[in-house]
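**Q** The structure's right below; bear with me while I get my questions together.
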Amino acid sequence: MPVMADAAGSTSFLAVSALSHEGLLRDHNEDSLVVGAWTVCASVTVTPQTLLFPLVSPVVVAVADGLGGHPAGEHASSLVALQLARVGPELSDEAGVRAALSACNETVYREAAADPSRTMMGTTVAGVCVTADSVLVFNVGDSRVYGTGPGGLRLVSVDDSPPLAPGETHTVTVTQTLGGHPARTEVHPHVRTLPLGPESRFLVCSDGLSDVVPDAEIAAILLDHFGGKAVFQLWRAAIDRGGPDNITVALVEIGGETETAGSAEPGT
Ligand SMILES: [Mn+2]
């Protein structure tokens, strides 16, 4: 699969397929999503959407999951999605991503302080910033980024969760969030840089997918499907398990590979 500009200097493309859905048990969606300049703020896409980006400036793809049990989670996640959409094209290195996430944290606290009904609102965030030669992976909280490549599926974000008790597969507790405390609290985002090559696809998701669908099943779906079809099948796997939480999924495919590119070639 083409990954970078070829010898003739043609432009690489990034295809991002995404959806956000309230699930089956929650009456509204507190997840938000950003794909480049496109945001879905605590609303529902109904079907997967696919956007194509020439890799000429950094593209940010991220999911924010408003904190349950706190007020205004949907507002916190929306603020973060909108802010990342605005600054995304300027994010070219780890320091820039850390600064952007700290600024998002400040925004959530500032907006919480301005309205008593939003006290302690907070959100997770996880995503990638794809530049011309690398992928910056970032997160705060337990939303996730997976990479897929020749070695299969692997978690490349770092959950801010307490250690699991024996027998537990997931926990609802998060140890770090943007906002979420009574007083302004600094964040220490997880940020790493990966080369574009080995992990050719990245999955960004909220825990409405990863808490209920085992990694092995996510891996199997990503082997069989690409683009919007893969995103739909991931969503359906979470719904088949009861859809207990909001489900937001974004699949980043470098090289512009889409569902049709994964189908059989004539004569094969
Ligand atoms: Mn969630």
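The values are calculated or read from the model by the stated rules, or taken from the named source; none is laboratory data. Given the structure is predicted, the values throughout are model-derived calculations rather than measurements. Ideal geometry is used to build each Cβ from the backbone, glycine not excepted, and the neighbour counts take in all protein chains shown.
**Q** Just give me the residues in the range 68-77 being surrounded by fewer than 24 Cβ atoms within 10 Å (Cβ to Cβ) and not acidic (Asp, Glu), in sequence order. Before you say what the answer is, go through the steps one by one.
**A** Narrowing the range 68-77 to residues surrounded by fewer than 24 Cβ atoms within 10 Å (Cβ to Cβ): 68-71, 74-75.
Matches in the range 68-77: GLY68, GLY69, HIS70, PRO71, HIS75.
**Q** When you go through (1) within 30 Å of HIS225 (Cβ to Cβ); (2) out of contact with any strand residue (DSSP E or B) (no Cβ under 9 Å at 6 or more places or on another chain) one by one for VAL137, which number turns out not to apply?
**A** In the conditions (1) within 30 Å of HIS225 (Cβ to Cβ); (2) out of contact with any strand residue (DSSP E or B) (no Cβ under 9 Å at 6 or more places or on another chain), VAL137 misses (2) alone.
**Q** Another one. Considering only residues that are at pLDDT 80 or above and either among the aliphatic types (A, V, I, L, M) or within 18 Å of the chain's Cα centre (by Cα) (or both), look in the range 163-178 and name the one that is surrounded by the fewest Cβ atoms within 10 Å (Cβ to Cβ).
**A** Checking each candidate, the answer is ALA165.
**Q** Please enumerate the residues belonging to the range 114-134 that are more than 16 Å from the ligand (Cβ to nearest atom) and either at positive phi or without any contact (Cβ under 8 Å) to a residue 60 or more places away in the chain (or both). Write out each step before concluding.
**A** Restricting attention to the range 114-134, the residues satisfying the condition of being more than 16 Å from the ligand (Cβ to nearest atom) are 114-120, 128-134.
Result: ALA114, ASP115, PRO116, SER117, ARG118, MET120.
**Q** Between a residue in the range 29-40 that is within 16 Å of the ligand (Cβ to nearest atom) and any residue that is of a type in the set (Val, Ile, Thr) and assigned to a strand (DSSP E or B), which pairs come within a Cβ distance under 6 Å, given they are 6 or more apart or on different chains?
**A** Close Cβ pairs (under 6 Å, with a partner that is of a type in the set (Val, Ile, Thr) and assigned to a strand (DSSP E or B)) amount to ASP31/THR248; LEU33/VAL40; LEU33/VAL63; LEU33/THR248.
**Q** Name the residues in the range 142-190 that are within 22 Å of LEU203 (Cα to Cα) and not in a loop (DSSP other than H, G, I, E, B), would you?
**A** If the condition is that a residue be within 22 Å of LEU203 (Cα to Cα) and not in a loop (DSSP other than H, G, I, E, B), then ARG144, VAL145, TYR146, GLY147, THR148, GLY149, GLY152, LEU153, ARG154, LEU155, LEU178, HIS190 are the ones that fit.
**Q** So which helices (runs of 4 or more DSSP H) stay within the range 196-264 end to end and still have 3 or more residues that are buried (at least 19 other Cβ atoms within 10 Å of the Cβ) and modelled with pLDDT under 95?
**A** Working: elements: 207-210, 215-224, 227-240.
Hits in the range 196-264: none.
**Q** Can you give me the number of residues within the range 40-57 that are crowded, with 20+ Cβ neighbours inside 10 Å and either touching a helix residue (DSSP H, G or I) at 6+ places or on another chain (Cβ under 7 Å) or within 19 Å of GLY255 (Cβ to Cβ) (or both)? Walk me through it before giving the result.
**A** First pass over the range 40-57, keeping only residues crowded, with 20+ Cβ neighbours inside 10 Å: 40-42, 48, 53, 55.
Then keep just the ones that are either touching a helix residue (DSSP H, G or I) at 6+ places or on another chain (Cβ under 7 Å) or within 19 Å of GLY255 (Cβ to Cβ) (or both); that gives 41-42, 48, 53, 55.
The qualifying residues number 5.
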